[in-house]
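Just so it is clear, none of the values below were taken in a lab; they were calculated from the coordinates. Bear in mind that the values here come from a model prediction, so they are computed numbers and not experimental data. Here the Cβ positions follow ideal geometry from the backbone for every residue, glycine too, while neighbour counts run over all protein chains shown.
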Amino acid sequence: MNEFNIRINEKVIEVKIVDDLFVEVNNIKYAYSLILLEKEKYLLRIGTKFFEISYTNPANNDYNIQINNHSVSAIIRTSLEEKAYQLLSQSQSLENHKTIVKSPMPGLVLKINRSIGDKVSKGETVLILEAMKMENEIKSPVDGILFELNIEQGKAIEKNKILFSIK
């Protein structure tokens, strides 16, 4: 079974070609036929409806499709390509995600070990906070770049104050 995803204006249509007689569109089964009229021009029958379809310049799965003389831009991918696209989109949005670190207790900022723009690793000490005469290492919870630093060395802070953020 051939499975495709057709993306039109961020709307995804799932198409499964079951066999030579049937196709599923968004899990609804239809009888169909596809007849080649000339190069890149077809007559498509879905159920009792007929559509004249042509396409031009497929580049990077991006098609300009004419359906009964109406132009539509569509991205056509296999199901596997669509899953890969979604995973990449999610990872890119995670890359833009900002992790905020707040003070777990009131205290005095003794030392700031990193500067804005520095690369930090998960578990790396970003600053030292003194509370009740004890030095507490405040570590990065993720790998990333120190994006914001909302404190100053030698200044007192309250509990839940935003200390820094990492992107």
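Among residues other than E158 whose Cβ falls under 15 Å from its Cβ, what is the net charge (Lys/Arg +1, Asp/Glu -1)?
Details: positive: K102, K155, K159, K161; negative: E130, E152.
Within the 15 Å Cβ shell, the charges total +2.
Can you work out ³J(HN,Hα) from phi for every residue in region 120-126, in order, using Karplus 6.51 cos²θ - 1.76 cosθ + 1.60 and θ = phi - 60°, giving whole Hz and x for Gly and Pro?
Rounded to whole hertz, the list is 10, 9, 4, x, 6, 6, 8.
For a test of the definition: using alpha carbon positions, the gyration tensor, and the 1.5 limit on a/c, classify region 21-66 as rounded, prolate or oblate. Intermediate values should be presented prior to the final figure.
Values: a/c = 2.72, a/b = 1.48, b/c = 1.84.
Oblate, because a/c is 1.5 or more while a/b does not exceed b/c.
Count the lysine pairs in region 99-166 whose Cα atoms lie under 18 Å apart, taking only pairs 8 or more positions apart in sequence or on different chains.
Here the count comes out as 18.
Using 1/(1 + (r/R0)^6) with R0 = 25 angstrom and r between the beta carbons of A84 and V15, what's the FRET efficiency to the nearest 0.05?
Working: r = 18 Å, r/R0 = 0.71.
Plugging the Cβ-Cβ distance into 1/(1 + (r/R0)^6) gives 0.90.
Excluding I67 itself, calculate the net charge of residues whose Cβ lies under 12 Å from the Cβ of I67, where each Lys or Arg counts +1 and each Asp or Glu counts -1. All intermediate terms of the calculation are to be shown ahead of the outcome.
Working: positive: K41, K49; negative: E52.
Cβ neighbours under 12 Å give a net charge of +1.
Rounded to whole Å and ordered largest first, report the semi-axes of the equivalent ellipsoid of region 2-95 derived from its Cα gyration tensor (root of 5λ). List each step's numbers first, then the result.
Numbers: eigenvalues 135, 57, 23 Å².
So the three semi-axes of region 2-95 are 26, 17, 11 Å.
Rounded, prolate or oblate: which one fits the chain, using the alpha carbon gyration tensor with axes a ≥ b ≥ c (rounded when a/c is under 1.5, else prolate when a/b beats b/c, else oblate)? Can you show the working numbers first?
Numbers: a/c = 5.00, a/b = 3.98, b/c = 1.26.
Verdict is prolate for the chain.
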